[in-house]
Amino acid sequence: MGNAPDIGDAILASPQVRKITFTGSTAVGKKLMAGAAGTVKKVSLELGGNAPCIIFDDADLDVAVKGTIAAKFRNSGQTCVCANRILVQEGIYEKFANAILDAVKNMKVGDGFSEGVVQGPLINEAAVKKVESLLQDATSKGAKVIHGGKRHSLGLTFYEPTVITDVNNEMLISRNLMHFLVFSNLKADEKEEVFGPVAPLMKFKTEEEAITIANDTNAGLGSYIFTNNVQRSWRVAEALEYGLVGVNEGVISTEVAPFGGVKQSGLGREGSKYGMDEYLELSS
């Protein structure tokens, strides 16, 4: 198929190509954006995410657990909209932790073509090692693994679905979690993101604190909130610096909703009529 950088350079240099759309890492997206400037191409970039999942004390616990499981563990935690920071209001923290623990215990790991399997392997050995590294850092700083926390007995790159508690901002896993970086042939500031099946639970006291923690990232793709207070849902959704906000819902992608992020999670939208507009020019 050819060398990817060479193909990319040819597309960027061609005056016949007027539009580039890319889904992938933030590092590569920045390169494409810079390269597109030479011929002033339009770009749509769907890049990395670091999604918060906020559980308020007025949420329906069953709905919140089901939604969090879907948001965190889909594709073994390897999507750009997976919930990477699970913020739980202190009044229901223990109750939620026990409920999600029970749910995770029932998750079957294995071959995705086998009946009942809900979690498959990680993409490669480097991804597994990064999960191990982040967990080691977290536990050395006080986090507790209440389920999983090690390679699965199936071997290869299978990893146990994991839940950890007592997470704080001093831990790498709370700052980067599965939006972490893998060193490859890229330079130190140009690395690829990988993901994994680890759910870190953090406490928060107030709505304002939850919003501050959630927005404390360069990413701004997916986010989730669980609450039965309609006014709060509007208030928090408007305050979150994200392109997508799921309210009492763990699966936020739909063909009629524009998909895309803000900040370093990208430019433009995919899907819906807004995604079609990305390929059109307005004349007047």
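For segment 82-96, taking the residues that are β-branched (Val, Ile, Thr) and crowded, with 24+ Cβ neighbours inside 10 Å, the one that is nearest to residue 197 (Cα to Cα) is identified as 86. Listed by first and then second residue, the pairs linking a residue in segment 245-266 that is free of Cβ contacts under 8 Å to residues at least 60 places away in the same chain and under 15 Å from residue 23 (Cα atoms) to a residue that is in a helix (DSSP H, G or I) and not aromatic (Phe, Trp, Tyr), with Cβ atoms under 8 Å apart and 6 or more places separating them unless they lie on different chains, are 258/272; 258/275.
Looking at this structure, is residue 36 out of contact with any Phe, Trp or Tyr (no Cβ under 7 Å at 6 or more places or on another chain), crowded, with 17+ Cβ neighbours inside 10 Å and assigned by TED's automatic domain parsing to the domain that holds residue 271?
Values: out of contact with any Phe, Trp or Tyr (no Cβ under 7 Å at 6 or more places or on another chain): yes; crowded, with 17+ Cβ neighbours inside 10 Å: yes; assigned by TED's automatic domain parsing to the domain that holds residue 271: yes.
The answer is yes for residue 36.
Condition check for residue 58 on (1) surrounded by fewer than 16 Cβ atoms within 10 Å (Cβ to Cβ); (2) closer than 24 Å to residue 172 by Cα; (3) touching a residue at least 60 places away in the same chain (Cβ under 8 Å): one failure, at (2). Checking each residue in segment 79-103 for being out of contact with any strand residue (DSSP E or B) (no Cβ under 6 Å at 6 or more places or on another chain), polar (S, T, N, Q) and at pLDDT below 95 picks out only 79.
Step by step: first the residues of segment 237-252, then only those that are assigned to a loop (DSSP other than H, G, I, E, B) and out of contact with any Ser or Thr (no Cβ under 9 Å at 6 or more places or on another chain), then the one that is surrounded by the fewest Cβ atoms within 10 Å (Cβ to Cβ). Which residue is that?
251
Only residues that are assigned to a loop (DSSP other than H, G, I, E, B) and small (Gly, Ala, Ser) were counted across segment 99-135, and they come to 5.
Annotation: of all residues in segment 197-236 being of a type in the set (D, E, K, R) and in a loop (DSSP other than H, G, I, E, B), the one that is modelled with the lowest pLDDT is 216. Residue 131 meets each of the listed conditions (1) over 30 Å from residue 209 (Cβ atoms); (2) at pLDDT below 95; (3) among the hydrophobic types (A, V, I, L, M, F, W, C) apart from (1).
Looking only at segment 193-213, residues that are under 16 Å from residue 84 (Cβ atoms) and touching a Lys or Arg at 6+ places or on another chain (Cβ under 8 Å) come to 7 in all.
The values are calculated or read from the model by the stated rules, or taken from the named source; none is laboratory data. Note that the structure is a prediction, hence the values are computed from the model and not measured. Every residue, glycine among them, receives a Cβ derived from its backbone with ideal geometry; neighbour counts consider all protein chains shown.
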